[in-house]
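A short reminder: the numbers here are calculations on the coordinates, not readings from a lab. In this text, all values refer to a predicted model and were calculated from it rather than measured experimentally. Because the Cβ atoms are built from the backbone with ideal geometry, glycine has one as well, and the counts that use them run over all protein chains shown.
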Amino acid sequence: MSEIENKAENGSTESAGECTTGDTKDDKGLGLGVIFFIVAFIVCFLSGTLLFPKLLYSKKEQPFNFDHELHVGEAGDCDACHSLRDDGSFTGIPKLETCLDCHSEEPMGETDDEAIFTQEYVVKEKEVPWLVYSRQPDCVYFSHAAHLLGKDEMDCASCHGPIGESTSSRPYEENRLTGYSRDIWGKNIFGIKKNSWDSMKMDDCAECHKEKNDQKGYCFQCHK
Ligand code: HEC
Ligand code: HEC
Ligand code: HEC
Ligand code: HEC
Ligand code: HEC
């Protein structure tokens, strides 16, 4: 007697007695199938959630580390570096000129980051090529003034998260397919968000506009 027949026979004696040998064989096939399915599912799920984002995004470091906490303490306020001009345009990331209010060709401290900053940019009078985490595609029109001056006066963190309190610049992650910053789609591969700043997709902008202004959102509002 072969091993399979042997097992089948055992199976049929253990069962209530009505089962045929064939049935037991099918059950076993089904059991293996289920196991195979579960294993395949786990493999696909893990590669989809863990590996796919790794392959999809490439990481780039900022030119050197920028310590927001230290600088907010020194400069007093976000306004010292990021503010609205009289014409309503936003200064964005400050130019070298703003840094030179305090920094000169002689570093104040002894950190490597300050050394890179002084040698590569201050001495050479070169602008720092900062990577902008929140950068939107070119087809999107965004105005800080509309959001900072309006009746709602939103704080920076509601869209950017707690960057203003950080002590180091995180890496910039670029989507290899679209070339967009990861901050647009967000960290979560399924697009689930816990905080208002976790993603800034079209839907995220539109959701808040609907909530705050009860606007439907005409395309030309955000696309010029
Ligand atoms: C001394 C100047 C200075 C001050 C003061 C300052 N920042 Fe910045 N900020 C920078 C520089 C330089 C960068 C670019 C480097 C980086 O992203 O870490 C930056 C980047 C940012 C960004 C990232 C934008 C993006 O999408 O890439 C946000 C948001 C921001 N600052 C918010 C704040 C807030 C909020 C405060 C006040 C609590 C503040 N900053 C105070 C200089 C400053
Ligand atoms: C209000 C004055 C002030 C302004 C404006 C300012 N800094 Fe600083 N910065 C400081 C002081 C003070 C330190 C601390 C020096 C030390 O002890 O290392 C510092 C330190 C640094 C360091 C080293 C910090 C570290 O943790 O390694 C870097 C890099 C730096 N600044 C870059 C910049 C850049 C870029 C700008 C312009 C966007 C800027 N700073 C604008 C005052 C300023
Ligand atoms: C947290 C809420 C919120 C988020 C997120 C938000 N907005 Fe807004 N937005 C507003 C509010 C409120 C106004 C109206 C301001 C006012 O008139 O008082 C506005 C106004 C605007 C306007 C001016 C509209 C006009 O008719 O003049 C534009 C353009 C705009 N938003 C684009 C965007 C884009 C693009 C995004 C996403 C990247 C975005 N907004 C994300 C709340 C938000
Ligand atoms: C309603 C959401 C929202 C609010 C509130 C908001 N931002 Fe932004 N911010 C954005 C978006 C979206 C971009 C990208 C704009 C683009 O790419 O055209 C941006 C870009 C920036 C940049 C990079 C600009 C550049 O072009 O270099 C800085 C710096 C910044 N924001 C700082 C701030 C600070 C500081 C505050 C608070 C005073 C603030 N933001 C409030 C949504 C917001
Ligand atoms: C509240 C602002 C807002 C409104 C209103 C809006 N969009 Fe968008 N749209 C965005 C933002 C922000 C992005 C970039 C982020 C993304 O891809 O989700 C975008 C991206 C897109 C893209 C993809 C472009 C690319 O390069 O990835 C298309 C296409 C588009 N919008 C079409 C439309 C059309 C059509 C309408 C009108 C029915 C519309 N949008 C209304 C904010 C808006």
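Give, as a single signed number, the net charge of other residues whose beta carbon lies under 11 Å from the beta carbon of C78, with Lys and Arg counted +1 and Asp and Glu -1.
Details: positive: none; negative: D77, D79, D155, E165.
Local charge sum for C78: -4.
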If V34, V72 are placed from fewest to most neighbouring beta carbons inside 10 Å, the sequence is V34, V72
Mean separation of Cα pairs under 8 Å and 6+ residues apart, divided by the residue count of the chain: what relative contact order is that in percent?
22
Below 8 Å between Cα atoms, with a sequence gap of 6+, how large is the relative contact order for the stretch 105-224 in percent?
24
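Summing +1 for each Lys or Arg and -1 for each Asp or Glu, what net charge is found among the other residues whose Cβ lies under 13 Å from the Cβ of I116? Could you put the intermediate results ahead of the total?
Numbers: positive: K124, K126; negative: E61, E110, D112, D113, E114, E120.
Summing Lys and Arg as +1 and Asp and Glu as -1 gives -4.
Fewest first, what order do S196, S58 take by the number of other Cβ atoms within 10 Å? Working shown, then result.
Values: S196 16, S58 13.
The most exposed by this proxy come first: S58, S196.
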With 5 Å bins from 0: P(r) over the chain, alpha-carbon pairs, percent
1, 5, 9, 12, 13, 11, 9, 7, 5, 4, 3, 3, 3, 4, 3, 3, 2, 1, 0
Local charge sum around L55 (other residues, Cβ-Cβ under 14 Å, Lys/Arg +1, Asp/Glu -1)?
+2
Residues H103, H223 arranged by fewest to most Cβ contacts within 10 Å:
H223, H103
Which distance in nm do the two modelled labels at W130 and D79 give, with both placed 7 Å along the Cα-to-Cβ direction?
1.9
What distance in nm separates the two pseudo spin-label positions at Y180 and L32, each 7 Å out from Cα along the beta-carbon direction?
4.6
Could you compute the longest span of the chain free of GluC sites (Glu not before Pro) located in DSSP loops and having at most 16 other Cβ atoms within 10 Å, not counting the site residues?
154-224
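Report the relative contact order of the stretch 64-162, percent, no decimals, based on alpha-carbon pairs under 8 angstrom and at least 6 residues apart.
Details: 57 pairs, mean separation 23.8, N = 99.
Dividing the mean separation by the residue count of the stretch 64-162 yields 24 percent.
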